[in-house]
Amino acid sequence: MTATLPTPMESTPELQLDIDGMTCASCANRIERSLNKLPGVEATVNYATEKATVRVAAPASDPAEGAAPGGSTGLDVDALLAAVEKAGYSASVTVPREARDASAADGAAAASVDEIAPLRQRLVISAVLTAPVLLMVMIPALQFENWQWLALALAAPVAVWGAWPFHRAAAVNARHGNATMDTLISLGITAAFLWSLYALFIGDAGMPGMTMQLQLFGTPEGGAHEIYLEVAAALTVFILLGRYLEARAKRESGAALNALLDLAARDAAVLRDGVEVRVPVAQLQVNDRFVVRPGEKIATDGVVVEGVSSVDTSLITGESVPVDVEIDSRVVGGTVNVNGRIVVEASRVGADTELARLGRLVEEAQTGKAEVQRLADRVSGVFVPVVIGLSLLTLLGWVLFTGSVEIGFTAAVATLIIACPCALGLATPTALLVGTGRGSQLGILIKGPQVLERTRRIDTVVLDKTGTVTTGRMSVTDVAPAAGRSSASLLALAAAAEDGSEHPLARAVVDHARSLGVALPGVESFTSHAGHGVSAVVDGHAVAVGRVSWLLSEWAVELPAPEASAVSDHEAEGSTPIAVAVDGEYAGVIVLADTVKDHAALAISRLIDLGLDPVLLTGDNAGAAAAVAARLGIDEVHAGVTPAGKLEVIRSLQASGHVVAMVGDGVNDAAALAASDLGIAMGSGTDAAIAASDLTIVSGDLLVVADAIRLARRTLRTIIGNLFWAFGYNVAAIPVAMLGLLNPLLAGLAMAFSSVFVVTNSLRLRGFSPLPRP
């Protein structure tokens, strides 16, 4: 068997932009609308990756016109950047990953750390300043003479500096005629803080000895004697905490591509005039010849021109058996040479390699995945203008009917404060924190709230075979000795001969013999025949173990017809039979196969119970795939598919109306995981697969997949319940505030209570229990 590469895919001319300044999903929608207004432009903006992908809807008449700097995309880059700036954000052209050297990558990582550090600093300082304010307001015994001025000194930096990101975003939104969660947050903080200033400097709240008196239904005039600094400060801290947690998650958005790039070799031993010279991989040219020793990574795609070996392609293909390579075999950069020295002639370098193509597949799949807009952001587009309108109506109504500006303003402020989105800001992150915390205890990692929304809609689950429903390790499934020979004696001779080999099939035979307590006789000599098998003198007998075809041709072993038929049946089922010859005569066959994981059938049945249709997807042959599918009760099977083919299967299912979850573990699954509506990676798999997924099963236990979906769905129900309460209490309390029956201080307490309720409701997720194990 030789290594093969999929046919290169045609790439569509496009340009990617890095977007800076987005704070919610509605920001992405606004940028997308602005870009799509340009003639001939088709743009999608991904909030999670902070990137815009721009394509030309129709080819330009003159390719030279409007060409983007650095590439012939036919796009006017200046016009694109101007459109983004017009929407209130900034952008820059994305630098191709293949053009980044190691130092640039390190710099990017450092920049990522620097971006989140100021937010963490802002959160910590704001929390430290807010804690004393909350204590003084809520505990009357702490209200010493002139305490309110200390509260102002502590709360002012929080309301102004701590909340500055919200104020700035709200101003940008207002400038473009839009309102988002930032508008609600900024309004709530500003209203509470400004009215506190009014009460302190104009009202009676600044008098020495002032204390806070809580009333269930206070008079509107009482607002001039109360301060609401704790509302402004606490609201700022709560929302900053949510933004910090979100920023930490988004910092990992490029982890899948980084994991792919880490597979590549850093340098290569290039032959120059017969002498090996170590050069960086970036300096490799097509037709360069380089040496690869056992255990080293192959530097780039190429063709073997000297030597024979086995190559571990599992990092790329996800399949468990090393590929035997010889002269004229094609090999893939990033794979590992197992046991022989080979010389490779480079055929593809840089952006043209298979590894680079896989990276682009993941990036394109991530860009094309539509993020479900958060419910709070969707509703706030209508909720915010309505609340502002009601507040102004309250002020106008009280002034017209009572003639008192102070009464009207107090009632208007109470209306704004009771509508502050503190509970809205906590509804998602608290449930997500508790849900993911419980998940981590069960070995389930959930990446974000958008993942939860998709678990409710999925109806199809696609499972990769090797490493997901099977162990990914070869093991002996049958020992068939020839007539007159016992299984134990056959296994003893074969294991003794194989004991000198490091090939995975050989190790499987030796491990099986030792697990059965079979004593291995002494070996007098050992020879490895790369790509074919081994031979040795074992206990005075000439023993050869290896491919059936090799024993037939090289050792002139005669295979009886029944055994030949059985070997063909094993190969058709996807198993790997190896023949054993002793003293030139056929001695038997040992069959190896990738075994199905324990409880895999039960795991599939539980997924079916959740309303999901299972589909088996693998790069293995049709026989092996059909055999595994039959054992697991899976009807739909796609076998012999390449990494690009796996992506196409996912997109085909989606095009037919299915909402698809993908379960995989290899780099070859990364693009399919990213393109699926819900990507589930097994923790025993590669970093690239895990980073491209939405859910990760740390243990690699297929039984946990059903629990992961159950936990995600329950967490989503909790979030929806939290959001319902957050809006519900606003709807119920706003009329009371408008009528002047709600003291603004009580409005602040009600808002705090709504937050406590949301957190308490979220804590119920700690009681989630997995399904019982057999």
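Some points to look at:
- Out of 469, 479, 518, sole residue that is surrounded by 22 or more Cβ atoms within 10 Å (Cβ to Cβ) and either at pLDDT 90 or above or hydrophobic (A, V, I, L, M, F, W, C) (or both): 469
- One residue alone among 403, 443 is touching a helix residue (DSSP H, G or I) at 6+ places or on another chain (Cβ under 9 Å), surrounded by fewer than 24 Cβ atoms within 10 Å (Cβ to Cβ), at pLDDT 70 or above and more than 25 Å from residue 187 (Cβ to Cβ), and that residue is 443.
- Selection count, segment 535-548, where residues are outside any strand (DSSP E or B) and under 43 Å from the mean Cα position of the chain (by Cα): 1
- Checking 637, 591, 582, 596 one by one, the residue that is at pLDDT 90 or above, within 30 Å of the chain's Cα centre (by Cα) and among the hydrophobic types (A, V, I, L, M, F, W, C) is 637 and no other.
- Checked against (1) open to solvent by less than 50 Å² (accessible area, probe 1.4 Å); (2) touching a Ser or Thr at 6+ places or on another chain (Cβ under 8 Å), residue 574 meets all criteria but (2).
- Check on residue 537, under 16 Å from residue 576 (Cα atoms) and without any contact (Cβ under 8 Å) to a residue 60 or more places away in the chain: no
- Here segment 734-749 is the region considered, the condition is being assigned to a helix (DSSP H, G or I) and open to solvent by 20 Å² or more (accessible area, probe 1.4 Å), and the residue that is modelled with the lowest pLDDT is 749.
- Residue in segment 692-699 that is part of a strand (DSSP E or B), modelled with pLDDT under 80 and either within 24 Å of residue 237 (Cβ to Cβ) or not hydrophobic (A, V, I, L, M, F, W, C) (or both) present: yes
- Matching helices (runs of 4 or more DSSP H) fully within segment 120-208 where at least 1 residues are touching an Asp or Glu at 6+ places or on another chain (Cβ under 8 Å) and modelled with pLDDT of 90 or more: 147-157
- Within segment 583-612, the set of residues being open to solvent by 10 Å² or more (accessible area, probe 1.4 Å), in contact with a Lys or Arg (Cβ under 8 Å, 6 or more places away or on another chain) and within 27 Å of residue 504 (Cβ to Cβ) comprises 594, 595, 596, 599, 601.
- For segment 613-631, the criterion of being at positive phi and open to solvent by 40 Å² or more (accessible area, probe 1.4 Å) is met by no residue.
- Residue match in segment 254-269 (condition: open to solvent by less than 40 Å² (accessible area, probe 1.4 Å), farther than 27 Å from residue 507 by Cβ and modelled with pLDDT of 90 or more): yes
- Looking across segment 486-503, the residues that are open to solvent by 50 Å² or more (accessible area, probe 1.4 Å) and in contact with a Leu (Cβ under 9 Å, 6 or more places away or on another chain) come down to 488, 499.
- Of all the listed residues (361, 390, 396), the sole one being assigned to a helix (DSSP H, G or I) and either modelled with pLDDT under 70 or of a type in the set (Asp, Glu) (or both) is 361.
- Of note, residue 414 does not satisfy the criterion of being at pLDDT 80 or above, at negative phi and of a type in the set (Gly, Ala, Ser).
- Leading residue by the ranking (nearest to residue 294 (Cα to Cα)) among those in segment 498-534 that are part of a loop (DSSP other than H, G, I, E, B) and acidic (Asp, Glu): 502
One line per residue, one yes/no per condition, for (1) open to solvent by 30 Å² or more (accessible area, probe 1.4 Å); (2) at pLDDT 85 or above; (3) within 25 Å of residue 165 (Cα to Cα):
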| residue | (1), (2), (3) |
| --- | --- |
| 30 | no, no, yes |
| 58 | yes, no, no |
| 99 | yes, no, no |
| 108 | yes, no, yes |
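The values are calculated or read from the model by the stated rules, or taken from the named source; none is laboratory data. Only a predicted model underlies this, so the values are computations on that prediction, with no experimental measurement involved. Every residue, glycine among them, receives a Cβ derived from its backbone with ideal geometry; neighbour counts consider all protein chains shown. Heads up: the accessible areas ignore ligands, DNA and RNA and are worked out on the full protein's heavy atoms, side chains in. Shrake-Rupley method; radii C 1.70, N 1.55, O 1.52, S 1.80 Å.
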